[in-house]
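**Q** Can you read through this structure? Questions will come right after.
The values are calculated or read from the model by the stated rules, or taken from the named source; none is laboratory data. Quick caveat: nothing in here was measured; it's all calculated off a predicted structure. Neighbour counts are summed over all protein chains in view; Cβ atoms, including those assigned to glycine, are modelled from backbone coordinates with ideal geometry.
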Amino acid sequence: MKLLRTGKVKEVYEVDESSLEFVFTDQISVFDKIIPSEIPYKGETLCRSAAFWFQVLRKAGIRTHFKELVPPNRMRVHKVDVISDYSKLNCSRANYLIPLEFISRHYVAGSLFDRIKAKEVSPEELGFPRHHSVKYGEKLPKTFHEVTTKLEEVDRPLSVEEAIRISGMTMEEHARAVDLIEKIDGLIAKEVEERMLIHVDGKKEMAFDDKRRLMVIDTFGTADEDRWWDEDEYAKGNCLELSKEVVRQYYRGIGYHEQLYDARKAGRPEPPIPALPEEKVEEVSDLYIEMFERITGESFR
C-alpha cells in the first residue's frame, strides 16, 4: 500500500482507486501540537470506537465512508478527493472531503466557557435569556453548532457564510449537514445513557460521495473527538472529564497552554510541547481503555 498522508494521530494509505486504509497510531495531540509521548492502546481504542459508531449509523440508514475494521487498529474506508485549494470546490463537484469540522455542543464546557467569560459568545446565542449568568457544566437550551476549518495548519472558527464559501456547499446542504448531526447526536445520547455517560460535545467531518450526497467520514464519538462526563458525578455537581480533555487540562495546569497561545497571538515562534510524565501516560492509557468499554459496551480484551 502507498502512504498518502501522515496526520497528527493517523496514517492514511491507498489500498486501491476507491479505498483507503487508516492506521490509528498511539500518538496524541492537543492544541494542534503532537505530544512527544505515545499512549499505549490509544490507537486501537479509537479505531474500534469509531468502527462501533459507523455500524450504529449504518443501521440507522446514514451514509458513511466506512467499509470494514481491520483489527486491531486499522480501518478501510471509501476514498474521496482531498482538495486544499478552496477555489476548486463548487456545487457541481462530487466525491470530495468537505474542508470543515462541524462542532456540536450540548453543555457549557471547555473553550466555549472561556469565550463566554470573554463576552465573545452571548447567553442569547446559546438560547438563554439575555441576562442569564451562564455557569460551567450547564446544559444548553439547544444544541450550539459551530464550524471550523479542517485542512489549514491551525483550525480557525468560521461564520456560516464563510464555511459555505470555502467548502463549495450550498446553504441547503449546510442545513442538511446540521440536521444530520442532530440526528447522530441523538443516537449517541441514546446509546451511552445506559452506561451512565453524558455526551457533552463533539465534532464531525463530512464529504460528498460520487452522487454528491452527504456522508460522515473520518472518526467521531471517541475519547479524542468528543467530550464525555460521568452521569453519576454530574448529578453531584461534578463535571468529571472522561476524554482527551484531561490531557488538555494537564497542559493548562503547567502553563503551557497560556505560553502557546500568547506566542500565537504575538506571532512569535511556538514553544515546543513537553512530553507527558510516565504516570500521566499510564493514567491516560487506562482512561482510553475505560472509555472504549463505556462508549461501546464491549470488553477491550
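**Q** Working carefully through the options Leu89, Leu126, find the one that is within 21 Å of the chain's Cα centre (by Cα) and either assigned by TED's automatic domain parsing to the domain that holds Ser19 or not aromatic (Phe, Trp, Tyr) (or both).
**A** Exactly one of Leu89, Leu126 is within 21 Å of the chain's Cα centre (by Cα) and either assigned by TED's automatic domain parsing to the domain that holds Ser19 or not aromatic (Phe, Trp, Tyr) (or both), namely Leu126.
**Q** What's the number of the condition Ile164 fails, among (1) free of Cβ contacts under 8 Å to residues at least 12 places away in the same chain; (2) in a loop (DSSP other than H, G, I, E, B)?
**A** Ile164 satisfies every listed condition except (2).
**Q** Got a sec? Which of Thr148, Thr170, Thr222 is among the polar types (S, T, N, Q), farther than 22 Å from Ile83 by Cα and in the same structural domain as Ile103 (by TED's automatic domain parsing)?
**A** After applying the criteria, what remains is Thr222.
**Q** Identify the residue in region 1-32 that is under 15 Å from the mean Cα position of the chain (by Cα) and not aromatic (Phe, Trp, Tyr) and, among all such residues, is surrounded by the most Cβ atoms within 10 Å (Cβ to Cβ).
**A** Top of the filtered list is Ile28.
**Q** Test Ile83 against the criterion of being of a type in the set (A, V, I, L, M, F, W, C), in a loop (DSSP other than H, G, I, E, B) and out of contact with any helix residue (DSSP H, G or I) (no Cβ under 9 Å at 6 or more places or on another chain), and give yes or no.
**A** Considered against the rule, which asks whether it is of a type in the set (A, V, I, L, M, F, W, C), in a loop (DSSP other than H, G, I, E, B) and out of contact with any helix residue (DSSP H, G or I) (no Cβ under 9 Å at 6 or more places or on another chain), Ile83 comes out as yes.
**Q** Among the listed residues Val70, Val82, Val56, identify the single one that is surrounded by 14 or more Cβ atoms within 10 Å (Cβ to Cβ), over 24 Å from Ile289 (Cα atoms) and not hydroxyl-bearing (Ser, Thr, Tyr).
**A** Val82
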